[in-house]
Amino acid sequence: MNPMIKVLASSTGRAIRVVAGIGLVAFGLLGLEGAAGIVVAIIGAVPLLAGVFDFCVFAPLFGFPLSGPKIRAS
């Protein structure tokens, strides 16, 4: 298994994605103004939701399923 996918599918990887997503959303909404802030917040929502709902958006690029539990089972 690809080491990056292994880390991202773990509970540590999920926590990192959630924290990074919260940070990007907060920075986008509170630190930037206008359209740039909204774009950064939307980009931050991707890792946040991926961590909360336990899926890995990079896994299909390496031939693994999108679902975190399925990745961990393989």
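The values are calculated or read from the model by the stated rules, or taken from the named source; none is laboratory data. Remember, predicted model here, so these are calculated numbers, not experimental data. A quick note on method: Cβ atoms are made from the backbone with ideal geometry, for glycine too, and the neighbour counts reach across all protein chains shown. Ligands, DNA and RNA are excluded from the accessible area calculation, which covers all protein heavy atoms including side chains. Shrake-Rupley method; radii C 1.70, N 1.55, O 1.52, S 1.80 Å.
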>> What number comes out for accessible area per residue over the chain if the probe is 1.4 Å? Units Å², please.
In response: 62
> What part of the accessible area of the chain, given as a whole %, is carbon or sulfur when the probe is 1.4 angstrom?
Replying inline: 77
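Could you compute the net charge surrounding Phe58? Neighbours are other residues with a C-beta less than 13 Å from the C-beta of Phe58; K and R count +1, D and E count -1.
On the way: positive: Lys6, Arg17; negative: none.
Residues near Phe58 contribute +2 overall.
Multiplying the sequence separation of Val7 and Ala26 by 0.36 nm and subtracting their Cα-Cα distance, what value in nm do you get?
Details: separation 19, 0.36 × 19 = 6.84 nm, distance 2.45 nm.
Going from the current span to full extension adds 4.4 nm.
Below 8 Å between Cα atoms, with a sequence gap of 6+, how large is the relative contact order for the chain in percent?
34
One quarter of the convex hull surface, Cα atoms only: what value does that give for the chain in nm²?
Numbers: hull surface 18.9 nm².
That works out to 4.7 nm².
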> When the chain is fully extended, how far beyond the present Cα-Cα distance does Phe58 get from Ala73, taking 0.36 nm per residue of separation?
Replying inline: 3.7 nm
